[in-house]
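Heads up: the structure comes next, in structure tokens.
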Amino acid sequence: ERSRLNNIIEGTRAGTWEWNLVADELIFNERWAALIGYTPQELRPMTQKRLQSLMHPEDVIMIRRKLAEHFSGQNDYHECEIRFRHKDGHWVWRQSRGKLFTRTPDGTPEWMYGTDLDITKSKASEAQLKQSEVSLRNNASFLDRAGRIAGFGRWQLDLLTGEVDWSDQTCHIHDVAPGYKPTRDEAIAFYAPEAMPAIRAAIDAVIQTGKPWDLELPLITAMGRRVWVRSAGEAEY
């Protein structure tokens, strides 16, 4: 059983820890120390005060709150994401999970056990994704402003969800209120009857082969006006 558990720990590259809250001592394996660039000998003895000195100050406050919630029974498990100062000086992210298993006769928390995993790369990817989302929103805002000036509308069709997004200028071209969100079929239905086969074929082609389209087609607005539009689209995979 010990061999099996050791293999599981080795396979998951987890740092393990045992915390005696009464004695104020944290016992950990070599991987736990290596996550922040140390050997176990360099970190022992590990007290709560020394542990918190390695953490980001903002996370120390969060840890105290989450531990209190766990000890009071609000949460069955203790789980959090913590920034630790690496020996080289940079911050690393760790996902820590644990549980209190024993208490002293008077109810004081005694032994707690858990694991830590390095999630630095996933947190970096998360930050890049958020930055990309901000950039996309900024770009969309810029395009909307440019569209109002130049008279062109922006649209987007999510092929996974079927959701259609129209810019305010696109809504204006179709004589509908800003923020109007048509379905895919409703958006196509604005085209004049004789233009529908062409736009449907263009959409099917871009989905199946990735071939973009650039067409000039008649469109009938919500107010019944017949206008000509230049419709262009391409797929993103």
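Of the residues in the stretch 10-53, how many are in contact (Cβ under 8 Å) with a residue 60 or more places away in the chain, part of a helix (DSSP H, G or I) and of a type in the set (A, V, I, L, M, F, W, C)?
Matching residues across the stretch 10-53 total 1.
Yes or no: E58 at pLDDT below 95 and either more than 21 Å from the chain's Cα centre (by Cα) or of a type outside the set (K, R) (or both)?
yes
Going through F84, F71 one at a time, which residue ends up being within 28 Å of A124 (Cα to Cα) and aromatic (F, W, Y)?
F84
Quick check, is P109 touching a residue at least 40 places away in the same chain (Cβ under 8 Å), out of contact with any Gly (no Cβ under 8 Å at 6 or more places or on another chain) and not β-branched (V, I, T)?
Criteria met by P109.
Quick one: which residue in V60, V92 is more than 14 Å from L26 (Cα to Cα), assigned to a strand (DSSP E or B) and in contact with a helix residue (DSSP H, G or I) (Cβ under 8 Å, 6 or more places away or on another chain)?
V92
Residue-by-condition table, conditions (1) open to solvent by 50 Å² or more (accessible area, probe 1.4 Å); (2) hydroxyl-bearing (S, T, Y):
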residue: E1; (1), (2): yes, no
residue: I27; (1), (2): yes, no
residue: E42; (1), (2): yes, no
residue: V60; (1), (2): no, no
residue: D76; (1), (2): yes, no
residue: G98; (1), (2): no, no
residue: T108; (1), (2): yes, yes
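Could you check R103 against (1) charged (D, E, K, R); (2) farther than 17 Å from G114 by Cα; (3) at pLDDT 95 or above and say which number it fails?
Answer for R103: the failing condition is (2).
The values are calculated or read from the model by the stated rules, or taken from the named source; none is laboratory data. Only a predicted model underlies this, so the values are computations on that prediction, with no experimental measurement involved. Glycine gets a Cβ as well: all are built from the backbone with ideal geometry, and neighbour counts include every protein chain shown. Side chains included, ligands, DNA and RNA excluded: accessible areas come from the protein's heavy atoms. Shrake-Rupley method; radii C 1.70, N 1.55, O 1.52, S 1.80 Å.
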